[in-house]
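Here the structure comes first, spelled out in structure tokens, and everything after it is commentary.
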Amino acid sequence: MATSFNNLAGLYRSQGQYDQAEPLYTEAVTILISQLGLDHPNTQTVLQNYWIFLQQVQIENRQDSLSNEMSLQIISQMEAQGIRGEGYDAPDARA
């Protein structure tokens, strides 16, 4: 189920439908962390996809498309740390 959410979220992201992608990414992350744990490669892949999604939202200044408080907090932290755009690796969620 989480893989399907991740894949569908990626499709919505590629279409610029960020309001549709966000809840699917957060649900996929929640499911995988609870079922597989943070260190599992599948969880890390979905977290990376979610991070890339948030970077894209930030680059396009489309934060108004987001409704999840966690997403908005992460983008706020990215901005506070001067992280903007491609070329930045997602932080290791295990740290």
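The values are calculated or read from the model by the stated rules, or taken from the named source; none is laboratory data. Not measured: the values here are computed from a predicted model. Here Cβ is always computed from backbone atoms with ideal geometry, including for glycine, and neighbour counts include all displayed protein chains.
Criterion applied to D39, D19 was being among the acidic types (D, E), more than 23 Å from I59 (Cα to Cα) and in contact (Cβ under 8 Å) with a residue 24 or more places away in the chain, and the one residue passing it is D39. Is there any pair linking a residue in region 61-83 that is loosely packed, with under 14 Cβ neighbours inside 10 Å to one that is modelled with pLDDT under 85, with Cβ under 9 Å and at least six apart or on different chains, and which? Every condition considered, the pairs that remain are Q77/I83. Here E27 fulfils each of the conditions (1) among the charged types (D, E, K, R); (2) under 20 Å from A2 (Cβ atoms); (3) modelled with pLDDT under 85 apart from (3). Scanning region 66-88 for residues that are part of a helix (DSSP H, G or I) and either within 19 Å of N7 (Cα to Cα) or at pLDDT 90 or above (or both) gives a single hit, S71.
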